[in-house]
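Inspection log for the structure reproduced underneath, given as structure tokens.
The values are calculated or read from the model by the stated rules, or taken from the named source; none is laboratory data. Keep in mind that what you see is a predicted model, and the values were worked out from it rather than measured. Because the Cβ atoms are built from the backbone with ideal geometry, glycine has one as well, and the counts that use them run over all protein chains shown. These area figures cover heavy atoms from the full protein model, side chains too; ligands, DNA and RNA do not enter into them. Shrake-Rupley method; radii C 1.70, N 1.55, O 1.52, S 1.80 Å.
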Amino acid sequence: MKKNLVFKIIALVSVLLMIAAIFISNDTVQLIFGLVGSTALFVLSILKWVVPAKKSVLFRIIALSSLYLLLLSWVIPASQANGAEVTSLGLSRMSLYNLVDYPYLAFQYFLQPLLFILAVGGFYGILESTGTYRTTLEKIAKSMKGKEKVFLVAVSIVFALLSSIFGINLVLFMFIPAIIAIVLLMGYDKLTAFLVSFIAPLVGVIGSTYGTYVTGYINQMVGSDFTTELVAKIGLFVLSFAIFAAFLLKHAESSKNKTELSEKAESMYLGEKKVSKKKAWPLVVVFALLFVLLGVGYADWSETFGVTFFSDMHTTLNEWTIGDHTVLNYFFNGTSGLGGLYFEAYTLLILVASILVSVIYNIKLDEALSNFGKGLVKVLKPAFLVVFAYILVIITAYHPYIVTITEAMVRLISNVSGVFGDILYIIMVSLNTILSSILNIDMLYVVQSSVPYLSAFYTESVESLAIITQSLYGLTLFVAPTSTMLLLGLTYLEIPYKEWLKKSWKLLVELLVVSLLIR
């Protein structure tokens, strides 16, 4: 009874603070009252609606976050930065209609990752129906007897390196269901599979070196290049991966063979057991080709590495003529060369791979479509939840008050110098990055929100700004309820979000210390 009374009093005070913020003319007081009032209501909502919940926790957090941003738009003015100058745009209030409109816009603008995830699910539905797929995975798991830890670390470091060097993350989902199945067949639990498949790539984000979609975006905003602080970034990657690997192996050891693979897990990640006399090598070839096209196709070779071979080859093939006709261009007009491929290209590749597997293993059309649909259904919930999180990106784009908050923090510490000033700078940039990462999800939108303003204001600290931004962005993705890899992994593997937070907090603290020390 007393607890409910306290909640009601805090809620009432929070509402009064927000009402006062609307009518107060002093910008600083308005910002403080608005932030305190809306944040208090948000925290109360989390405690009442999320903490006691056992299901749909991530959905509830995202929905509450949307309402929280609605409240902020009513009490915090939007701002626009032009270099180090910030111009207030006044209150850009979010309406109730926007709560309906923005989910529609999120699915419209971010349809490509949704279709990609669904296509991968369908592809594995067809693979599972062959029988050969499961048999092959069982043979791989059996061949790793006594070398299970080597397999866990090897896959993790490959995923982390692909993320660090090429910026590959979500597209790795093409291979993740197979990796999960092998890890489970080895006798490990779902959390071990989650660490190897979905968290290892995020270590590569923390220590991003040449990743176009992480380091490349930061370089564009702060005026640096891929060689800037490269040694520090490599050191950050090595230390972060060492800490992650130690955590992974410790957990794997404690979970090994403690639970049998349930019938539900077998159905979800392996497919039905059935005898198949078909050879496995066609499957291996399909996966090998997909892996090659992943590495070769995703990297922006010309811009990042100065390699023009693939773009030159694409131009030559499209200009190849028979008589007066550019024959290949007729068929492939509109395509781009290898390098810089994105979700739509990999969705098409997955669909082609699905057709190839169906033809090779003599799966009839109606059966193939049925199996594709069954696989698609398995990833339907995580796919839609991932795109649902992009609602926050839409809100922060149309109601840009992150710059207002950033400028207020900068004003607060700008007159403090010396060691204490440096510490406050690191704290401010870290908090700004964490907030931007939770709300904007994708690094492109994170760096566009306030990094240009910070780099213009702190012209002599752009190197530390760049490293802190990429490392704290990667670390935030470990726990942010809007993180694409986290949402997809936890939902696909049916791991409770609260369980992950309880298990991972020590890992997060250790990675945070490393991220702040190397700057």
Quiz item: Of Leu191, Leu152, Ser73, whose Cα points farthest to the positive end of the dipole of the chain (charges on the beta-carbon: +1 Lys, Arg; -1 Asp, Glu; origin at the Cα centre)?
Solution: Leu191
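Counting only helical runs of four or more DSSP H residues, what would the 222 nm mean residue ellipticity of the chain come to if each run contributes -39,500 (n - 2.57) and the total is spread over all its residues? Show your work: numbers first, answer last.
Numbers: 26 runs with 366 residues, N = 519.
After summing the helix terms and dividing by the residues of the chain, the value is -23000 deg cm²/dmol.
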Practice problem: May I ask you to work out the translational diffusion coefficient for region 347-495 at 20 °C, viscosity 1.002 mPa s, via Stokes-Einstein with Rh from the Kirkwood sum over Cα pairs, reported in whole µm²/s? | Solution: 118
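Evaluate E = 1/(1 + (r/R0)^6) for Ser143 and Tyr109, where r is the Cβ-Cβ distance and R0 equals 35 Å; express this FRET efficiency to the nearest 0.05.
Numbers: r = 44 Å, r/R0 = 1.26.
Once rounded, the FRET efficiency stands at 0.20.
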Quiz item: How high is the relative contact order of the chain, given as a whole-number percent (alpha carbon pairs under 8 Å, six or more residues apart)?
Solution: 23
Quiz item: So what is log10(I(q)/I(0)) for region 343-416 at q = 0.11, 0.12, 0.20 1/Å, when the Debye sum runs over its Cα atoms only?
Solution: -0.55, -0.60, -0.96
Exercise. Report, in degrees rounded to the nearest 10, the 0 to 90 angle that the Cα long axis of helix 2-23 makes with the longest principal axis of the chain.
Key: 70
Self-check item: Ranked by how many other beta carbons lie within 10 Å on average, peptides 243-249, 144-150 from highest
Solution: 243-249, 144-150
Quiz item: Which pairs in the list Lys374/Lys503; Lys190/Lys498; Lys381/Lys498; Lys139/Lys278 are over 23 Å apart, alpha-carbon to alpha-carbon?
Solution: Lys374/Lys503
Quiz item: Scattering from the C-alpha atoms of region 129-221 alone, worked out with Debye: what is log10 I(q)/I(0) at q = 0.14, 0.16, 0.18 1/Å?
Solution: -0.54, -0.66, -0.78
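Let me check something: with ligands and nucleic acids excluded, how do Val203, Val307, Val514 order by accessible area (1.4 Å probe), largest to smallest?
Numbers: Val203 0, Val307 55, Val514 20 Å².
These residues rank, largest area first, as Val307, Val514, Val203.
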Quiz item: Taking θ as phi - 60°, what are the ³J(HN,Hα) couplings along region 177-185 by the Karplus curve (6.51, -1.76, 1.60), each to the nearest whole Hz, with x for Gly and Pro?
Solution: x, 5, 5, 4, 4, 5, 4, 5, 5
Quiz item: What order do you get for 496-505, 459-468 when each peptide is scored by the mean count of other beta carbon atoms within 10 Å, highest first?
Solution: 459-468, 496-505
Quiz item: What fraction, in whole percent, of alpha-carbon pairs in region 103-261 exceed 27 Å separation?
Solution: 35
Self-check item: Radius of gyration and Dmax over the Cα atoms of the chain, both given in Å
Solution: 24.6, 88
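Let's see if you can work this out: charge +1 on each Lys and Arg Cβ, -1 on each Asp and Glu Cβ, no other charges. What is the dipole magnitude of the chain about its Cα centre, in debye to the nearest 20?
On the way: 35 positive and 30 negative charges, 524 e Å.
About 2520 debye.
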Quiz item: Percent relative contact order of region 1-148, based on C-alpha pairs within less than 8 angstrom and at least six residues apart?
Solution: 14
Quiz item: Given H placed on each backbone N at 1.01 Å, which residues far from Tyr210 in sequence or on other chains put an amide H within less than 5 Å of it?
Solution: Ile165
Exercise. Could you compute the FRET efficiency for Lys364 and Asp422, with r as their C-beta to C-beta distance and R0 at 51 Å, rounded to 0.05?
Key: 0.15
Quiz item: Which of Tyr269, Leu376, Val416 sits closest to the plus end of the dipole of the chain, meaning its Cα is farthest towards the positive end, when Lys and Arg get +1 and Asp and Glu get -1 on the C-beta?
Solution: Tyr269
Quiz item: Taking Lys55 as the anchor, which aspartates and glutamates have their alpha carbon closer than 19 Å to its alpha carbon, excluding any fewer than eight residues away along the same chain?
Solution: Glu494, Glu499
Self-check item: Against the rule of thumb 2.2 N^0.38 Å, how large the Cα Rg of region 441-519 comes out
Solution: 1.28
Quiz item: Can you give the Rg and Dmax of region 63-185 based on its C-alpha atoms, in angstrom?
Solution: 22.8, 64
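What FRET efficiency comes out for the pair Glu85/Phe23, r = Cβ-Cβ distance, R0 = 25 Å, nearest 0.05? Walk me through the numbers before you get to the answer.
Working: r = 27 Å, r/R0 = 1.10.
The pair Glu85/Phe23 has a calculated efficiency of 0.35.
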Self-check item: 1.4 Å probe accessible area per residue over the chain, in Å²
Solution: 47
